[in-house]
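The values are calculated or read from the model by the stated rules, or taken from the named source; none is laboratory data. On a predicted model such as this, the values are computed, not experimentally measured, just so you know. No Cβ is skipped: glycine too gets one built from the backbone with ideal geometry, and neighbour counts run over all protein chains shown.
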Amino acid sequence: MTARWGRHTARWLAAETGFSAGYIRKLVAAAKAFHDPASRAANLHFSHHAEAALTHDPAGWIDRAVAEGLSVRELRAAIRAARDPVARAEQARQVAERIQQAVRRFNERWSALYGSGRFWSSSRCPSRALVARPDSA
């Protein structure tokens with residue numbers, strides 16, 4: 001979405017049309033990627049174009065879908081399989097690092113509020129079970 005065509009516009013259109021904001025954003029992405037009618041494949045469904053629009057090479061994926069007769073599900077699977085495994089591994093590493101940082105911040109705040117030891121004392125925990133902090137094990 002561009003600054004001119006942001007989330008608020010998508011939400012407003014969703015409210016006006018009854019479609020979800022995500023679907024509206026998908027429509028916009030497909031319209032931007034395939035703005036020239038000659039770039040669209042008449043024998044493919046809009047869903048093919050919407051999936052291809054989310055890639056770096058929409059026209060290439062549409063050409064492949066036409067040439068191989070791919071269904072929308074098959075096209076989506078091919079796009080997923082073609083993604084760079086190194087980039088996916090790096091993205092997973094970044095997500096894991098953010099989770100570790102969040103856990104570390106939580107533990108620091110917990111310790112500042114309640115002292116070291118356990119997350120919940122038996123009087124605070126509804127199940128009355130003592131749950132040990134992960135770093136104290």
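Tabulated data for the structure shown
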quantity	calculated
Residue count for the stretch 2-20, restricted to those that are over 16 Å from A31 (Cα atoms) and modelled with pLDDT of 85 or more	9
Scan of the stretch 67-77 for residues that are small (G, A, S), under 21 Å from Y23 (Cα atoms) and part of a helix (DSSP H, G or I), ordered by number	A77
Residue check for S39: at pLDDT below 80 and small (G, A, S)	no
Test: residue in the stretch 96-111 that is surrounded by fewer than 13 Cβ atoms within 10 Å (Cβ to Cβ) and either β-branched (V, I, T) or touching a helix residue (DSSP H, G or I) at 6+ places or on another chain (Cβ under 6 Å) (or both)	yes
Test: residue in the stretch 86-94 that is part of a loop (DSSP other than H, G, I, E, B), of a type in the set (K, R) and free of Cβ contacts under 8 Å to residues at least 60 places away in the same chain	no
